[in-house]
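Below is a structure I'd like to ask you about.
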Amino acid sequence: MSSPTATRPEDVLPDHLDRIEMDGVTMRKGTVAAFLRNAVRWTDPATTPDDRAALRPVIIEAVPALRTLGLLAIFEARDAGLRRLIASVPEADRI
C-alpha cells in the first residue's frame, strides 16, 4: 500500500492497464521513457536531419501528456533546440 504522501508508479498506472486518461489527455504506458529516448536521439549531433525530422512529430505528440504529468514544469531540456521544439506545441494543447 502506498504512502498518502508519495505516489508510486502503480498509483498512476495500474499494472493491468496500458493507458489512462488524465485531465482529458490519454497517456500510454511508456510515454515518458519513449520521449526521453527520442529526446536523446534528437539532441545527438550524429543524428541525421532526416532522422531528426522523423523524431519531431513523435516528440511533439508526447508534450501534452508530459505537461499533464507535470514533468515539463519540473525538468527543462538542456538542449536549446529541444526546448524550442517543446515550446512550439501550442498553448491550446496545455491542460
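The values are calculated or read from the model by the stated rules, or taken from the named source; none is laboratory data. Keep in mind the model is a prediction, meaning the values are calculated, not measured. For neighbour counting, all protein chains shown are included, and Cβ atoms are generated from backbone atoms with ideal geometry for every residue, glycine included. Side chains are part of the model used for accessible areas, which takes the heavy atoms of the whole protein and leaves out ligands, DNA and RNA. Shrake-Rupley method; radii C 1.70, N 1.55, O 1.52, S 1.80 Å.
Please give the per residue volume of the convex hull enclosing the alpha carbon atoms of the chain, rounded to a whole number of Å³. If you can, show how the numbers build up before the last one.
Working: hull volume 11.0 nm³, N = 95.
With only Cα atoms used, the chain gives 115 Å³ per residue.
Ok, one more. Placing +1 at every Lys and Arg Cβ and -1 at every Asp and Glu Cβ, with all other atoms neutral, what dipole size does the chain have around its Cα centre, in debye to the nearest 20?
240
Another one. Got a number for carbon plus sulfur as a percent of segment 1-80's accessible area, 1.4 Å probe?
Values: 3190 of 5790 Å².
Taking all protein chains in place, segment 1-80 shows 55 percent carbon and sulfur surface.
Among R78, R52, R41, whose mean-square fluctuation peaks in a Gaussian network model of the chain (Cα, cutoff 10 Å)?
Its mean-square fluctuation being the largest, the pick is R78.
Okay, moving on. On full extension of the chain, what length is gained from D23 through D51, given 0.36 nm per residue of separation minus the C-alpha to C-alpha distance? List each step's numbers first, then the result.
Numbers: separation 28, 0.36 × 28 = 10.08 nm, distance 3.19 nm.
Net length gain for the segment: 6.9 nm.
On to the next question. With every protein chain left in place, what is the accessible area per residue of the chain in square angstrom, probe 1.4 Å?
On a per-residue basis, the chain sits at 72 Å².
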